[in-house]
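One structure is given below, encoded as structure tokens.
The values are calculated or read from the model by the stated rules, or taken from the named source; none is laboratory data. What you are looking at is a predicted structure, and each value in this text was computed from that prediction instead of being measured. For neighbour counting, all protein chains shown are included, and Cβ atoms are generated from backbone atoms with ideal geometry for every residue, glycine included. Just the protein is used for accessible areas: all its heavy atoms, side chains included, with ligands, DNA and RNA removed. Shrake-Rupley method; radii C 1.70, N 1.55, O 1.52, S 1.80 Å.
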Amino acid sequence: MHLLVTLILQRIGLGVVTLFGISLMIFFAMEILPGDLAQETLGQSATPEAVAALRAELGLDQPAITRFFQWFSGILHGDLGTSLANKRDISELLVSRFKNTLALASYSAVIAVPVAVTLGLLAALYRGSIFDRTVNVLSLSAVSLPEFFIAYLLIFFLSAKFGLFPSISNVSADTSFSEYMHRAFLPALTMALVVTAHMMRMTRAAIINLLASPYIAMARLKGASPMRIILIHALPNALAPIINVVSLNLAYLITGVVLVEIVFVYPGLGQLIVDSVSKRDIPVVQATCLVFATVYITLNLTADVLSIATNPRLMHRK
Amino acid sequence: MENLLSIKDLKIEGLSDGKWSEIVHGISLDVKPGEVVGLIGESGAGKSTIGLAAMGYTRDGCRISGGSVNFDGKELTKIDRKPHQDLLGRRIAYVAQSAAASFNPAHKIIDQYTEGPAIHKVMARKQAQLEAIELFETLQLPNPATIGFRYPHQVSGGQLQRAITAMAMSCKPDLIIFDEPTTALDVTTQIEVLAAIRDVVTMLNTAAIYITHDLAVVAQMADRIKVLRRGHEVEEAETKTMLNAPKEEYTKSLWAVRAFKTPAKPKITEGAYPILSVQNVTAAYGTEIVLDDVSFDIHKGRTVAVVGESGSGKSTTAKVITGLLPQKHGKVLYEGALLEASFKTRNQHHLKNIQMIFQMADTALNPRQTIGEIIQRPIEFYLHLSPKAAKERACDILNELELEPSQYLHRSPSELSGGQKQRVGIGRALAAEPQLIICDEVTSALDQLVAEGILKLLDKVQQTFGLSYMFITHDLETVRAISDEVVIMQRGKVVEQGATTSIFSPPNHPYTDLLLSSVPKMNPDWLTQLLKQRAQSTAG
């Protein structure tokens, strides 16, 4: 068991190093961006002295490396800084937005993951049948359409035509759970449709890949039913690739929401990052990017650990 | 007595390049209750396909196109899925060639053992577990009470092979199909598994079909033997009759393979340097020592066989000599001159003079190159001949290998049979005009008749060019046929070495004796006698 613990610690260590690297990249990528907040705020007619004074006030006159370490040590203390645009504490700003994004991602994951894995298993079980082909065609169509297009299609049919769900997901901290489910249904469904195909096809492929193995033939020759072969004999050996593709898609549900949040005017991180970029509110953009990176790394790390934990060869040494 | 299994005029088709073609052409086979029938033949004879068809099963890409398979009154070629599933595992069971690949890596052995009884509702899992432990004990598995609770990768190959036999027994079936159950094992392990299989078959009075390419093995196991070739039956007879008086020419040729022996070679010239001298070599993978103080010489024009079971370090020795794995201690001399430990720093003279032929000709030849390119490359690289001269030289070599140059020069390896590929492998080694060729299990992936052809070719080439061979093998019959001297290795150490004739005549090191006595003999009573002898010697 302690093997797994060392492994998790190792991965967490690596994750932290990666995050440091990413924070460097985020910071210096922002430096390269054209435009200057002081100039932007004061307008074209401002005197150079006024601009310089504001720059000094915002700390923009310091060398980049000093500012990076100020920013980074702030992060280590849990202080993400203040928004340049409205002087609010970024942590506060992010927390409510992040909660919303997380809620939406969980909502679509709860729809997408069970559907994708079940469909993948069934498609593998009835491979080559009409069912398999229908599922394949439908999932491929879903993945080929851009997500905003799916979103507008859903709005057109489920909202405009039949009026079942609102087209604007107007949620806040005091929306009740059932109300939330109703209001956020369309964005959640859009995201689910986008990620289902990938997970489903990978599940199907991972299972079918194993069906040629001698131990599957052995299970057949022992008289196991096709369903039993898929669930008991193939699935446990296909878990690693399935876990990986699921985690990749979960990460996408959180970091790839920008378009969908905009279409449905959903108050999440995606909206925030777009707004902040247009306002040149660099600290907010940096903080949001860092949150995205952390989510990505955490999910991948979890997937790694789970893949290892489900592999007896790695868990039980000789 | 009624037949338990009756196969009549069975025809099976296989899918190749999108077309169905017949691979089994009307085979009939009867098995009575409690009887063991041996199916024997070379690869491509269709024996495994027939064995699976006896269970009403075909591999993907195969189908039964005619005839009938009748098991205890049920027609298996037309049976529905449910009743078929009910028969499989419960009344007909299967033991696969590679237990390591046939056990599911995700589940413990005991759970796979109890799966059959549980899904067929023969007994509860708890009860099946208790029976498994008893059966493991009968099969002489170490720690029978706990070994089942391990995962397949935690158990050795020979033990897994016994465990899979136990698994086949779990529902006390009427018929078991054994598909080459000992082919992947070392000779000493093979004996234990053979004995175990025979014990349980007798104990439960199970009928069996025993599939193998090894005559001596089938002689120990079967009451009756059927010889197959390319999907046709050659002949069938009681085991004793078949061994003593085979009727067909093909069967006789199979029997005769073991008679090949190279002629004796002249004595070693006194005072001359050996071509290769391995002196006190120790080598390791990481911290694990795999070769421990290994020394032997190879003289000009002679063949030294390096023999041992898997894990004995024979292939590692080849890696040290070729410089792929630099040794930790000791040295390797070529004609008295020190060989650099790593191939990267060796001079071209040394690289050219030591060549290698690999076990798997399939993977050792670049599939994207033609035979001509494969052979010309070392000629151009080592002998610096012009492309035109190199091509002529390649044609000479192909002629030497009995491969018509105009036909083979432009073919790719995938168009050749296993034996032809191995000939190309020999050609590539010869192209460098070496003094020493290391042959690593070059015949073990080949059928007996093809293997004999390769051995004869190697012998002819040796006499023509005065080559020395280091011949790595686990097969003592091959050693007897081709080698002048033998080096016997066990767990990275040389246990005994000497002239072939002296190694094959007692007294020997106990391990050599164990190896020699473990090679199956054509005598059907060999196994019984051997087990009796060994029991006596351990008792006494």
- Leading residue by the ranking (farthest from B:Trp255 (Cα to Cα)) among those in the range B:493-503 that are open to solvent by 60 Å² or more (accessible area, probe 1.4 Å) and in contact (Cβ under 8 Å) with a residue 24 or more places away in the chain: B:Lys493
- Query: Which of the residues belonging to the range A:223-243 are more than 26 Å from B:Lys82 (Cα to Cα) and away from chain B (no Cβ under 11 Å)?
  - Reply: A:Pro241, A:Ile242, A:Ile243
- Task: With respect to A:Thr310, determine if the residue is of a type in the set (Ser, Thr, Tyr), more than 14 Å from chain B (Cβ to nearest Cβ) and touching a residue at least 60 places away in the same chain (Cβ under 8 Å).
- Result: no
- Message: Taking the conditions exactly as written (free of Cβ contacts under 8 Å to residues at least 12 places away in the same chain, within 24 Å of B:Ala195 (Cβ to Cβ), open to solvent by 10 Å² or more (accessible area, probe 1.4 Å) and of a type in the set (Lys, Arg)), does B:Lys532 satisfy them or not?
- Response: yes
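Determine, yes or no, whether B:Tyr285 is in contact with a strand residue (DSSP E or B) (Cβ under 6 Å, 6 or more places away or on another chain) and among the hydroxyl-bearing types (Ser, Thr, Tyr).
Working: in contact with a strand residue (DSSP E or B) (Cβ under 6 Å, 6 or more places away or on another chain): no; among the hydroxyl-bearing types (Ser, Thr, Tyr): yes.
Taking the combined requirement at face value, the residue does not satisfy it.
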- Query: Among the residues of the range B:227-243 satisfying the criterion of being over 15 Å from B:Ile50 (Cβ atoms) and not aliphatic (A, V, I, L, M), which is nearest to the chain's Cα centre (by Cα)?
  - Reply: B:Thr239
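Has the range B:67-74 got any residue that is in contact (Cβ under 8 Å) with a residue 40 or more places away in the chain, more than 12 Å from chain A (Cβ to nearest Cβ), within 24 Å of B:Asp447 (Cα to Cα) and open to solvent by less than 10 Å² (accessible area, probe 1.4 Å)? Steps first, answer last, please.
If we filter the range B:67-74 for residues that are in contact (Cβ under 8 Å) with a residue 40 or more places away in the chain, which is where we start, we get B:67-72.
Among the residues that remain, those that are also more than 12 Å from chain A (Cβ to nearest Cβ) are: B:67-72.
Those left that are additionally within 24 Å of B:Asp447 (Cα to Cα): none.
So far as the range B:67-74 goes, no, none of its residues is in contact (Cβ under 8 Å) with a residue 40 or more places away in the chain, more than 12 Å from chain A (Cβ to nearest Cβ), within 24 Å of B:Asp447 (Cα to Cα) and open to solvent by less than 10 Å² (accessible area, probe 1.4 Å).
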- Query: Is it true that some residue in the range B:483-499 is of a type in the set (Lys, Arg), in a helix (DSSP H, G or I) and under 30 Å from B:Thr212 (Cα atoms)?
  - Reply: no
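For the range B:504-527, name all the residues that are open to solvent by less than 60 Å² (accessible area, probe 1.4 Å) and in a helix (DSSP H, G or I).
Within the range B:504-527, the first condition is being open to solvent by less than 60 Å² (accessible area, probe 1.4 Å), and the residues that meet it are B:504-505, B:508, B:511-512, B:515-520, B:522, B:524, B:526-527.
Of everything in the range B:504-527, those that are open to solvent by less than 60 Å² (accessible area, probe 1.4 Å) and in a helix (DSSP H, G or I) turn out to be B:Tyr511, B:Thr512, B:Leu515, B:Leu516, B:Ser517, B:Ser518, B:Trp526, B:Leu527.
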- Complete set of residues in the range B:25-64 that are without any contact (Cβ under 8 Å) to a residue 60 or more places away in the chain, in contact with a Phe, Trp or Tyr (Cβ under 9 Å, 6 or more places away or on another chain) and within 14 Å of chain A (Cβ to nearest Cβ): B:Gly56, B:Tyr57
- Task: Among residues belonging to the range B:128-147 that are in a helix (DSSP H, G or I) and in contact (Cβ under 8 Å) with a residue 60 or more places away in the chain, point out the one that is nearest to the other protein chains (Cβ to nearest Cβ).
- Result: B:Leu135
- Query: Residues of the range B:304-327 being open to solvent by 60 Å² or more (accessible area, probe 1.4 Å) and modelled with pLDDT under 90, which ones?
  - Reply: B:Ser310, B:Gly311
- Task: Test B:Thr316 against the criterion of being polar (S, T, N, Q) and over 24 Å from B:Tyr273 (Cβ atoms), and give yes or no.
- Result: yes
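Can you tell me how many residues in the range B:52-61 are over 15 Å from B:Asp9 (Cβ atoms) and open to solvent by less than 30 Å² (accessible area, probe 1.4 Å)? Lay out the reasoning, then the answer.
Going through the range B:52-61, the residues over 15 Å from B:Asp9 (Cβ atoms) turn out to be B:52, B:55-61.
The next check asks that each one be open to solvent by less than 30 Å² (accessible area, probe 1.4 Å); those that pass are B:52, B:55-56.
Matching residues across the range B:52-61 total 3.
Condition (residue is in a loop (DSSP other than H, G, I, E, B), at pLDDT below 80 and over 29 Å from the mean Cα position of the chain (by Cα)) applied to the range A:12-33: is it met by at least one residue?
no
Given the criteria more than 14 Å from chain B (Cβ to nearest Cβ), buried (at least 21 other Cβ atoms within 10 Å of the Cβ) and out of contact with any strand residue (DSSP E or B) (no Cβ under 7 Å at 6 or more places or on another chain), does A:Gly268 qualify?
Working: more than 14 Å from chain B (Cβ to nearest Cβ): yes; buried (at least 21 other Cβ atoms within 10 Å of the Cβ): yes; out of contact with any strand residue (DSSP E or B) (no Cβ under 7 Å at 6 or more places or on another chain): yes.
It is true that A:Gly268 is more than 14 Å from chain B (Cβ to nearest Cβ), buried (at least 21 other Cβ atoms within 10 Å of the Cβ) and out of contact with any strand residue (DSSP E or B) (no Cβ under 7 Å at 6 or more places or on another chain).
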- Determine whether the range A:136-145 contains at least one residue that is open to solvent by 80 Å² or more (accessible area, probe 1.4 Å), over 30 Å from A:Arg228 (Cα atoms) and either at pLDDT below 90 or among the β-branched types (Val, Ile, Thr) (or both). yes
- Identify, please: which residue in the range B:57-88 is assigned to a loop (DSSP other than H, G, I, E, B) and in contact with a Gly (Cβ under 7 Å, 6 or more places away or on another chain) and is, among those, modelled with the lowest pLDDT? B:Gly61
- Message: Whether any residue in the range B:345-368 is open to solvent by 40 Å² or more (accessible area, probe 1.4 Å), touching a Leu at 6+ places or on another chain (Cβ under 8 Å) and not in a helix (DSSP H, G or I) is what I want to check.
- Response: no
- Note on the structure: Only unsatisfied item for A:Val246, checking (1) away from chain B (no Cβ under 14 Å); (2) free of Cβ contacts under 8 Å to residues at least 60 places away in the same chain; (3) of a type outside the set (Ser, Thr, Tyr), is (2)
- Query: Is the range A:179-194 home to any residue that is closer than 30 Å to B:Arg90 by Cβ, touching a residue at least 40 places away in the same chain (Cβ under 8 Å) and either hydroxyl-bearing (Ser, Thr, Tyr) or open to solvent by less than 60 Å² (accessible area, probe 1.4 Å) (or both)?
  - Reply: no
- Go through (1) modelled with pLDDT of 90 or more; (2) out of contact with any helix residue (DSSP H, G or I) (no Cβ under 7 Å at 6 or more places or on another chain); (3) of a type in the set (A, V, I, L, M, F, W, C) and name the single condition B:Leu398 misses. (2)
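Can you find even one residue in the range B:164-174 that is more than 11 Å from chain A (Cβ to nearest Cβ), under 23 Å from A:Leu211 (Cα atoms) and in a helix (DSSP H, G or I)?
yes
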- Counting only residues that are within 8 Å of chain A (Cβ to nearest Cβ), open to solvent by 10 Å² or more (accessible area, probe 1.4 Å), closer than 15 Å to A:Pro236 by Cβ and part of a helix (DSSP H, G or I), how many does the range B:89-127 have? 0
